[in-house]
């Protein structure tokens, strides 16, 4: 098959995806997989797209199967490794998730999202020391990375490192004044520290922001 023919099939598949025709998109990607002289990177990309389409349709097992095939074709696909790590996290197989995510990190060592997710896995495994290590690595690369700072704050809270947790939660709020969960967690921490007035202030602010968020999300969806 010529390069132009391969390109035409890829355009066809993407166009089907754009209009939400999942079955036709999958059929188009499948054409590329069966072409013997199709480049490996294109076949791997086709399988990743099929996996994504299956996932969006709610067929997680089929999605995993496609992505595993993509990884077999291209063992250096950080996207495939990340996806398999994500699915392992969803199934709460955190050891397996860490294995996939670390392999992806070897390919993209400066990926803050990978570092944060590995930290989350170690947190779920109750390994606070390693969780903090990976959050720290993410924050070194991006000192305004809210997710990692917030997650680190919560681990510090579990470790009874209250001053460090308070510092992180305050930074999160400074970076995103609408982050109501950060206000709630800081309010909880203030309560533990015996600072009732500050606790009440944060709890009140958290409740107001949460209510506003819900109203914004569902504005106009009721009563129609």
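The values are calculated or read from the model by the stated rules, or taken from the named source; none is laboratory data. As the structure is a computational prediction, the values presented were derived from the model and not from experiment. In this analysis, Cβ positions are derived from the backbone assuming ideal geometry, glycine residues included, and neighbour counts consider all displayed protein chains.
Being within 19 Å of residue 77 (Cβ to Cβ) and modelled with pLDDT of 90 or more is the filter here, so list the residues in region 1-13 that pass it. Working first, answer last.
In the first step, residues of region 1-13 are kept if they are within 19 Å of residue 77 (Cβ to Cβ); the result is 6, 10, 13.
Within region 1-13, 10, 13 qualify.
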Which residues, counting only those in region 18-41, are buried (at least 19 other Cβ atoms within 10 Å of the Cβ) and at pLDDT 90 or above? 25, 26, 28, 29
Return the pair list, or none, for Cβ contacts closer than 8 Å from residues in region 177-197 that are closer than 22 Å to residue 212 by Cβ to residues that are outside any helix (DSSP H, G or I) and modelled with pLDDT of 95 or more, at least 6 apart or on different chains. 182/176
Evaluation of residue 160 against (1) part of a helix (DSSP H, G or I); (2) out of contact with any helix residue (DSSP H, G or I) (no Cβ under 6 Å at 6 or more places or on another chain); (3) within 23 Å of residue 193 (Cβ to Cβ) (one fails), failing number: (1)
Looking at region 165-180 only, could you name the residues that are closer than 16 Å to residue 145 by Cβ and in a helix (DSSP H, G or I)? 167, 168, 169, 170, 171, 172, 173, 174, 175
